[in-house]
1. To the nearest 20 Debye, how big is the dipole of the protein assembly as shown about its Cα centre, given +1 on the beta carbon of each Lys and Arg and -1 on that of each Asp and Glu?
2. Report the calculated FRET efficiency for A:GLU7 and B:GLN119 (r = Cβ-Cβ distance, R0 = 51 Å), to the nearest 0.05.
3. Counting heavy atoms of the protein chains only and a 1.4 Å probe, report the per residue accessible area for the protein assembly as shown as a whole number of Å².
4. If each residue of separation counts as 0.36 nm, what is the full-extension length gain between A:SER14 and A:ARG72 once their alpha-carbon separation is subtracted?
5. Across region A:173-184, in residue order, what do the Karplus-derived ³J(HN,Hα) couplings come to in whole Hz, using 6.51 cos²θ - 1.76 cosθ + 1.60 with θ = phi - 60° and x for Gly and Pro?
6. Name the residues of region A:156-184 whose accessible area falls by at least 30 Å² when all protein chains are present instead of the chain alone, probe 1.4 Å?
7. Can you run phi through the Karplus equation (6.51, -1.76, 1.60; θ = phi - 60°) for region B:163-174 and list ³J(HN,Hα) in whole Hz, with x for Gly and Pro?
8. Once fully extended, how much extra length lies between B:ALA40 and B:LEU134, figured as 0.36 nm per residue of separation less the alpha-carbon to alpha-carbon distance?
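The values are calculated or read from the model by the stated rules, or taken from the named source; none is laboratory data. Since the structure is predicted, the reported quantities are computational estimates derived from the model, not experimental observations. For neighbour counting, all protein chains shown are included, and Cβ atoms are generated from backbone atoms with ideal geometry for every residue, glycine included. Surface accessibility is based on the protein's heavy atoms, side chains included, excluding ligands, DNA and RNA. Shrake-Rupley method; radii C 1.70, N 1.55, O 1.52, S 1.80 Å.
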Amino acid sequence: MAMDVLEAIHQRRSVRSFLDKPVLDELVWQIIEAGTWAPSAGNMQAWEFVIVKDREARRKVVNTTDAGTTTRADVHTQEWMMAAPVIIVVCYDVKRMTARYGQKGRDLLTKLDCMGCVQNMMLAATYLGLGSCCAVGFDPLALKEALPIPKEITPLLLVALGHPAYHPQPPYRLPPEDVVRLVI
Amino acid sequence: MQIIDQLKQIRCISEFEDRDIDDALLAKIVEGASWTPSAADAQPWEIVAVRDPERKKAIVGALLDSHLRPGLGGDERRSWLVQAPVVLVVCLDHTRAKVRFGEIGEKVFGLQDTGAAIQNIRLVAREQRVKSCLIREFDRPKVAALLELPRHVQPLTLMALGFSQVQAHQKAGLPLDDYFHFERW
């Protein structure tokens, strides 16, 4: 099932519904490797990962999530994530980035770089026929208390992975003509 | 006063006293918009307040008649808008309106929601004793150019605001039976 980059970019969807089927470790590591090939300021590669597979551990992750505006019927967590056989917690090492870039590194660059890493991961997952979804609505400090995450790294993003139960229709995208504001 | 009675007070008034609406009062009135629900909470309205007499005259120059033709009937129609201390140009940010839903966002939801915001502004204004009048018959590109709006923001409705002793003529709407259906058409 060969797919080129542009196809993967267009096929990637936020998938929140998965089959009851595990994801091979080999695929998870391939996905993480794709993540590490993202660019990063000064090539600092401040990303660090926690792979969560165990059901109890996944429950703990989901308990730190917040459904925000999608809260319905008093369910405040992102419950859909329990269906994902793998949750990758994308963390960052603050010191590695701050050492080189100071406050800007801490506040901005780590976040920009980690998002690039996550996008690579989701494209790789799409290429491999898996579904993925990135979530930011969670409490990183609560997560550090719930799981034995090394103290020097801070969780930033969650990436749920699994075999997709269905392929959502693409939502609307503003056409390029609308968002290119200046060509000089 | 019950809400229904306040609603009955919202009529187009086109004769204003020579009395300003200061910034604080104006902000209070326009803030009525911010409590309007909107699809995807996009709040796609953008509002420009015009007080400058020259700019108001230029807006008058962009007015169309009641059949949407350029050229107006009589100086009367021209001058009252300039008399109004403030003319709000209520616009729609098309990008903000459609980003989540596509075309239906800008062609349906955004219009519905901005219309609701307009009504809310008029209600808050009325409570502050400020009367209003809507005008939809105007050359939109002309007004957009006048206000230097970016391409994705288009004027939707003009709202004249001001103080007035004129009591609007009350007109009953269609009887309920005409527009209210049960179960199906």
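1. Charge dipole, the protein assembly as shown, about its Cα centre: 160 debye, nearest 20.
2. 0.60
3. Value for the protein assembly as shown: 59 Å² per residue.
4. Value of the extension gain: 19.0 nm.
5. 10, 4, x, x, 4, 6, 9, 7, 9, 7, 10, 10
6. Flagged in region A:156-184: A:TYR172, A:LEU174, A:ASP178, A:ARG181.
7. Coupling constants for region B:163-174: 8, 7, 8, 5, 8, 6, 5, 7, 10, 6, x, 4 Hz.
8. The B:ALA40-B:LEU134 span can extend by a further 31.2 nm.
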